[in-house]
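The values are calculated or read from the model by the stated rules, or taken from the named source; none is laboratory data. Just so it is clear, the model here is predicted, and its values are computed rather than measured. Counting neighbours? That spans all protein chains shown, and the Cβs are built from the backbone with ideal geometry, glycine included.
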Amino acid sequence: MEQLTHTFAPVYNRDSRVLILGSFPSVKSREQGFYYGHPQNRFWRVLSAITGEPLPDGIEDKRALLLKHHIALWDVCASCEIEGSSDASIRGVIPNDIATILAGTKIKRILLNGKTAAKLFERLIRPSLAFEGGVVPLPSTSPANAGMKLDALIEAWGAWMKNEKKG
């Protein structure tokens, strides 16, 4: 295993209210230079469903969807050792500086995409993070979480969107 570095920037602006954190980009995402690039990853289908927007096509459409709905997107790991796209193989993590995004935005909630992102966040970031908002672990949109059907993912992820629109 080799140490890999996250090569693309987070997506956010000063109006972002929710931060979604994954673990580390998959091989396909690293090839494309943007988040959730594997065609079997359901992230963009879930976001499309819960925002009522058409499925985004291309990086600029994806970025626009996120920013329109005040969603920031990044990963827990700035660099790590990883075999292929396997979250289970992640070792030697250097975490991203999440505080940088929080300082320049209106983020009130952090959503964690999958168990590995949640575990790494709780161990490596949360102890030193001054954040008063909610942190919500959610089921992974990864194809590795094949046991969870798309409708169930949309329901689980959609619960936070309803809460955000109320606030």
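Taking segment 137-158 as the search range and keeping residues that are in a helix (DSSP H, G or I) and of a type in the set (D, E, K, R), which one is nearest to the chain's Cα centre (by Cα)?
From segment 137-158, those in a helix (DSSP H, G or I) are 143-145, 150-158; that's our starting set.
Then drop every residue that is not of a type in the set (D, E, K, R), which leaves 151, 155.
On the way: 151: 19, 155: 17 Å.
Here the answer is 155.
Can we say residue 66 is touching a Gly at 6+ places or on another chain (Cβ under 9 Å), of a type outside the set (Val, Ile, Thr) and not in a loop (DSSP other than H, G, I, E, B)? Please lay out each step first, then the result.
Working: touching a Gly at 6+ places or on another chain (Cβ under 9 Å): no; of a type outside the set (Val, Ile, Thr): yes; not in a loop (DSSP other than H, G, I, E, B): yes.
The answer is no for residue 66.
Would you please name the residue that is modelled with the lowest pLDDT, looking only at residues in segment 51-85 that are of a type in the set (Asp, Glu) and under 30 Å from residue 1 (Cβ atoms)?
Here the residue is 83.
Considering only residues that are over 24 Å from residue 84 (Cα atoms) and of a type in the set (D, E, K, R), look in segment 115-148 and name the one that is modelled with the lowest pLDDT.
Among those that are over 24 Å from residue 84 (Cα atoms) and of a type in the set (D, E, K, R), it is 132.
Write out, first by first residue and then by second, each pair whose Cβ atoms fall under 6 Å of each other, whose residues are 6+ apart or on separate chains, and whose first residue, in segment 61-86, is within 19 Å of residue 40 (Cβ to Cβ) and of a type in the set (A, V, I, L, M) while the second is modelled with pLDDT of 95 or more and in a helix (DSSP H, G or I).
Close Cβ pairs satisfying both conditions: 73/66.
Working only within segment 39-49, note down all residues that are surrounded by 18 or more Cβ atoms within 10 Å (Cβ to Cβ) and either of a type outside the set (Lys, Arg) or without any contact (Cβ under 8 Å) to a residue 60 or more places away in the chain (or both).
At the first step, the residues of segment 39-49 found to be surrounded by 18 or more Cβ atoms within 10 Å (Cβ to Cβ) are 41-44, 46-47, 49.
Residues satisfying the conditions are 41, 43, 44, 46, 47, 49.
Taking residue 55, is it aliphatic (A, V, I, L, M) and in contact (Cβ under 8 Å) with a residue 40 or more places away in the chain?
Values: aliphatic (A, V, I, L, M): yes; in contact (Cβ under 8 Å) with a residue 40 or more places away in the chain: no.
Against the criterion (aliphatic (A, V, I, L, M) and in contact (Cβ under 8 Å) with a residue 40 or more places away in the chain), residue 55 does not qualify.
With the structure loaded, tell me whether residue 112 is part of a strand (DSSP E or B) and of a type outside the set (Phe, Trp, Tyr) or whether it fails that test.
Yes; evaluated as a whole, the condition is true for this residue.
When segment 40-63 is examined, which residues are found to be part of a loop (DSSP other than H, G, I, E, B) and of a type in the set (A, V, I, L, M)? Reasoning before the result, please.
Start the filter on segment 40-63 by keeping residues that are part of a loop (DSSP other than H, G, I, E, B), which leaves 40-42, 52-58.
Within segment 40-63, 55 is the sole residue that qualifies.
Tell me which residues, restricted to segment 87-111, are hydrophobic (A, V, I, L, M, F, W, C) and in contact (Cβ under 8 Å) with a residue 24 or more places away in the chain.
88, 90, 93, 98, 99, 101, 102, 107, 110, 111
If I go through segment 1-17 residue by residue, how many of them are touching a Gly at 6+ places or on another chain (Cβ under 9 Å), within 16 Å of residue 101 (Cα to Cα) and not in a loop (DSSP other than H, G, I, E, B)?
So the answer is 0.
Among the residues of segment 72-112, write down those that are of a type in the set (A, V, I, L, M), under 19 Å from residue 29 (Cα atoms) and touching a helix residue (DSSP H, G or I) at 6+ places or on another chain (Cβ under 8 Å).
Across segment 72-112, the qualifying residues are 72, 73, 76, 82, 88, 90, 93, 112.
Residue 48: within 26 Å of residue 124 (Cβ to Cβ) and modelled with pLDDT of 95 or more, yes or no? Please lay out each step first, then the result.
Values: within 26 Å of residue 124 (Cβ to Cβ): no; modelled with pLDDT of 95 or more: yes.
Taking the combined requirement at face value, the residue does not satisfy it.
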